[in-house]
Amino acid sequence: MVLRLNPASGVPLYLQLIEQVKHAIETGAIETGEQLPSVRKMAEDLLINPNTVARAYRDLEQEGIIELKHGSGAFITDSVTARAKIMTKAQTIVQSALDRLALFDLTEEEIRRLVETELSSRRAAKSPRKKYA
Amino acid sequence: MPESVVAITNLSRRFGAKAALNDVSLDVPRGSVFGLVGENGAGKSTLIKHILGLWRAETGAIRVFGVDPVADPVSVLSRVGYLSEQPDLPEWMTVIEFMRYMQAFYPKWDPLYAEELRRQFGLDRDKRIRVLSKGQRAKLGLLGAQAHRPDLLLLDEPSSGLDPIVRSDILAAVIRTVSEEGRTVFFSSHLLEEIERVSDHIAMLHQGKLVLCGPLDEIKAQYRRMTLRFETQQSTAPAVPGAVSVRGAGREWTIICNQAIKPIDGSHVIDDQAASLNDIFIGIAGGVHSLA
């Protein structure tokens, strides 16, 4: 499992770490029952504050992705693998959509903005304003 | 034991006409990694020298582990490890002689740990300090600052001018220190990426004044970086109430703000994201400049 964090981005490091652990599970880089490095080892490997790692692990535990066992470390839970399979399928859909968008010669930023706009308009559509519909 | 390892209240210091530190108050919580940022000459080293008790507070007060470092240097310094930008090492000694020399100063010096660090840093025990490279000197300085397992590790621009490998050794040392229960690190750097990696608290000095201080997560959650697109070309920076800085040209302007800003007529937001420390730093330093 290779994790890369970017401190210069505005995204907090613990969120980046959570995303990357999830990504590693989705891609099969780590599997059910496998163990994540200890907080201290992870902090030294990534050169980040141990509290940041601990916070990410706590959040991952709350989401049910890992199980923290005292003294023996963090383990990937079973239920995650099923989810990972769905994510792998979803990823191929995203890939093919991006392949088609490549024809329009858009920048990454423009694509990201399109996705964001689409998502937020769907959120707006879902919110309770049905009276006017 | 007090919750604050370092407590500074209303500290001011003048050098001639120049206010090097202007009414600075801050607390360094126990167990934190406290990053101090600021441009050259902002007062970072001056502040660190006060914490070490090398300078007496002209006005205000400093307490380290609850005591005045000028009044009781022995009790403070025995619990502090200090590495400066250019460590002042005895040039004529060999590495191993230096280690024995340091051991004599610190009753709590751990020779096994010192030896482990020496190996880890790849320092040749019989080499004279005079012939060590800049990176090797920094590592030896770090060894000297760490081998007595200080409760407070003070690093003043520790990685200035060093290559990335030595820099990551220094960061790893910072992480090792805080991994040990209850130890605190205070370090200054102009490399914001480093500060952002390892700090949980930061403070920013600008022209001797403390312009930002608090938990890094809170600060980063508070500041946003927004890009506005105007319908018409703007020849001067548009006035944005509540913005820390406004930069740009023509129709696109980027603002850094720490509060919600009102929509501005004739413009719309095309990008809105959390600001990086670099955005905040340049925003504040630049913003204050333009008002001067």
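Summary table below
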item	result
Residue among B:Ala114, B:Ala145 that is buried (at least 16 other Cβ atoms within 10 Å of the Cβ), touching a Phe, Trp or Tyr at 6+ places or on another chain (Cβ under 6 Å) and not in a loop (DSSP other than H, G, I, E, B)	B:Ala145
Which numbered condition B:Met102 misses (of (1) buried (at least 16 other Cβ atoms within 10 Å of the Cβ); (2) more than 22 Å from B:Leu210 (Cβ to Cβ); (3) within 18 Å of the chain's Cα centre (by Cα))	(3)
Flag if B:Arg229 is within 14 Å of chain A (Cβ to nearest Cβ), in contact (Cβ under 8 Å) with a residue 12 or more places away in the chain and outside any loop (DSSP other than H, G, I, E, B)	yes
Pairs, first within 12 Å of chain B (Cβ to nearest Cβ) in the stretch A:96-116, second assigned to a helix (DSSP H, G or I) and among the hydrophobic types (A, V, I, L, M, F, W, C), C-beta under 9 Å, six or more apart	A:Glu110/A:Phe104
Residue list for the stretch B:148-165, filter: surrounded by fewer than 21 Cβ atoms within 10 Å (Cβ to Cβ) and not in a loop (DSSP other than H, G, I, E, B)	B:Pro164, B:Ile165
Options B:Arg167, B:Arg119, B:Arg176; residue that is more than 14 Å from chain A (Cβ to nearest Cβ), out of contact with any Gly (no Cβ under 7 Å at 6 or more places or on another chain) and not acidic (Asp, Glu)	B:Arg119
Flag for B:His190 being surrounded by 18 or more Cβ atoms within 10 Å (Cβ to Cβ) and away from chain A (no Cβ under 13 Å)	no
Subset of the stretch A:21-41 that is away from chain B (no Cβ under 14 Å), in contact with a helix residue (DSSP H, G or I) (Cβ under 9 Å, 6 or more places away or on another chain) and under 23 Å from B:Ser179 (Cα atoms) - its residue that is surrounded by the fewest Cβ atoms within 10 Å (Cβ to Cβ)	A:Leu36
Subset of the stretch B:263-277 that is within 12 Å of chain A (Cβ to nearest Cβ) and within 19 Å of B:Glu252 (Cβ to Cβ) - its residue that is nearest to the chain's Cα centre (by Cα)	B:Ser276
Checking B:Ile255 against (1) of a type in the set (Val, Ile, Thr); (2) under 26 Å from the mean Cα position of the chain (by Cα); (3) facing chain A (nearest Cβ under 10 Å), the condition it does not meet	(3)
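Coordinate-derived values only; no laboratory data. Computed from a predicted model, the values in this text were never measured in an experiment. Quick reminder, even Gly has a Cβ in these numbers, built from the backbone with ideal geometry, and neighbours come from all protein chains shown.
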